[in-house]
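The values are calculated or read from the model by the stated rules, or taken from the named source; none is laboratory data. Model, not experiment: these values are computed from the prediction. For neighbour counting, all protein chains shown are included, and Cβ atoms are generated from backbone atoms with ideal geometry for every residue, glycine included.
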Amino acid sequence: MKYADRELLDQLAAAYVVGSMPGRTRKRFERICTTNPIARAAVKRWEDRMHGLVANVKAEQPSPQVWAGIEKRLGFAGATKESGSMWIWLRSRWSATALAALTALAIGVGVYLNQPQPLAAQQIAAFNAPQRGDIWRVRSTKQGDKLVVEATNRVMPDDQHEYELWALPEGGAPVSLGLLPKNGVATLALNGAQRAALGGASKIAVSLEPLGGSPTGAPTGPVLHVAEVTRLS
Amino acid sequence: MNASLQMKTDTGEDGQIEALLGRCALRDSKALSELYRLTSPQLLGVLLKLLRRRALAEEALQDVMVRVWQRASQFEAYRGRGMAWLVSVARNRAIDLLRSQRTHLSLEDSPAHEIADDSGHDNLEMSATDKMRSALDRCLGGLSTEQRQCITLAYVNGFSHDEISRLVGSPLGTVKSWVRRGLTSLKRCMES
């Protein structure tokens with residue numbers, strides 16, 4: 001079977017999305033999708049086309065046990081009832097589940113969740129894509145007043161958007177650290193609030209924003225990457 | 001949650017759903033809780049339609065939310081289409097369960113007339129609010145009744161070709177042809 005054939009891939013994607021494909025063929029097509037971006041794109045287009053068909057399906061309220069089961073499976077039963085944030089959860093309920101979940105993210109270089117570090121230490125992080133390597137590398141100056149960001153050639157070119165960098169301070173809202181370069185190296189000067197946010201953050205993130213950056217001061221677009229911050233003493 | 005995203009789509013929530021997915025990628029468990037509150041009734045409705053049995057559908061809903069939490073960082077999967085992505089995760093889970101576990105079909109759980117009444121073309125007209133849905137609505141209307149019914153039985157109700165063949169009382173080859181040609185026409189129409 002010639003899978004490079006776009007038309008054939010499109011027909012397979014249609015059968016996959018509609019659900020008429022037999023189980024074994026379905027699994028086979030899913031494997032193709034993991035390596036074939038044309039197949040993935042075709043599936044997305046069919047999902048979008050067909051989505052309206054379920055719009056009128058009658059909504060059903062789940063029983064309370066369903067959410068309780070989800071909380072239990074993800075290991076955060078009780079966490080969402082507390083005033084504490086996700087970071088408290090991460091620190092107090094570090095578990096195999098959480099570890100597995102985080103592994104699914106773009107992980108940076110190391111984890112220092114349990115011990116807030118002084119800001120003076122140099123901080124480094126890398127945003128990377130599974131099996132593709134680093135996209136951006138971020139390090140702070142020893143004084144902690146600037147970030148030096150290097151874009152690798154894996155940054156996806158996008159003239160219509162900005163890539164915005166955020167500190168994710170524990171227990172607080174994301175704080176913008178500036179716009180990331182799409183190529184080359186850029187230096188981002190940090191003000192006091194940004195330094196404090198970064199000092200209290202164990203993670204940083206990249207979101208996709210309109211040109212000029214987030215208009216609201218909070219991430220408005222999808223989060224593309226999350227990386228752990230490693231502090232070097 | 002992020003109040004700056006207010007793009008309205010078919011659920012009226014899509015911008016908010018995307019923002020919540022973004023927060024899930026940041027491992028914010030409250031965001032998952034909020035996402036669940038907003039979307040679980042619709043997702044359970046979809047799952048129930050496919051899986052028929054409430055206990056199985058609720059179990060699948062748990063699988064779906066766990067999967068969403070684990071995959072929320074795959075932004076490309078839902079950029080601009082939060083609810084469509086969630087529905088696809090739910091449908092894929094349900095279809096996997098159907099294809100792997102169903103040994104025999106209980107057609108009596110879903111009488112043909114009920115399916116036809118419940119998911120037919122007329123209902124779609126009531127809430128066609130966005131461009132894609134309007135196009136789908138219009139283009140479904142251009143299909144033959146058989147094509148439209150077979151596609152709906154597969155997509156909404158999760159029936160395989162073989163099951164649809166038994167349900168509508170037409171030969172398997174005919175059903176396959178209706179689905180394939182219907183989808184080809186649908187695509188052509190929606191791209192025009």
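Annotations for the structure displayed:
- Being at the interface with another protein chain (Cβ under 9 Å from one of its Cβ atoms) and either over 30 Å from B:Leu153 (Cα atoms) or modelled with pLDDT of 85 or more (or both) is not true of A:Ile88.
- Filter pass, B:Arg71 being at pLDDT 90 or above and either β-branched (Val, Ile, Thr) or in contact with a helix residue (DSSP H, G or I) (Cβ under 8 Å, 6 or more places away or on another chain) (or both): no
- Complete set of residues in segment B:141-192 that are without any contact (Cβ under 8 Å) to a residue 40 or more places away in the chain, closer than 26 Å to B:Leu48 by Cβ and of a type in the set (A, V, I, L, M): B:Ile151, B:Leu153, B:Ala154, B:Ile164, B:Val175, B:Val179, B:Leu183
- Apart from one condition, A:Asp5 fits all of (1) in contact (Cβ under 8 Å) with a residue 12 or more places away in the chain; (2) more than 18 Å from B:Ala94 (Cβ to Cβ); (3) among the acidic types (Asp, Glu); the exception is (1).
- Residue tally, condition buried (at least 23 other Cβ atoms within 10 Å of the Cβ) and free of Cβ contacts under 8 Å to residues at least 40 places away in the same chain, over segment B:37-59: 3
- Here the condition is being at the interface with chain B (Cβ under 7 Å from one of its Cβ atoms), in a helix (DSSP H, G or I), over 22 Å from B:Leu61 (Cβ atoms) and charged (D, E, K, R); of A:Arg49, A:Arg31, A:Arg40, it holds for A:Arg49 alone.
- Residue match in segment A:27-34 (condition: of a type in the set (A, V, I, L, M, F, W, C) and either crowded, with 22+ Cβ neighbours inside 10 Å or under 19 Å from B:Met190 (Cα atoms) (or both)): no
- So B:Val89, is it surrounded by 21 or more Cβ atoms within 10 Å (Cβ to Cβ), at pLDDT 85 or above, more than 8 Å from chain A (Cβ to nearest Cβ) and under 14 Å from the mean Cα position of the chain (by Cα): no
- Selected residue [over 30 Å from A:Thr34 (Cβ atoms), outside any strand (DSSP E or B) and over 17 Å from the mean Cα position of the chain (by Cα)] from A:Ala193, A:Ala218, A:Ala173, A:Ala186: A:Ala193
- Selection from segment A:203-223 of residues that are crowded, with 23+ Cβ neighbours inside 10 Å and touching a Phe, Trp or Tyr at 6+ places or on another chain (Cβ under 7 Å): A:Ile204, A:Ala205, A:Val206, A:Ser207, A:Pro219, A:Pro222, A:Val223
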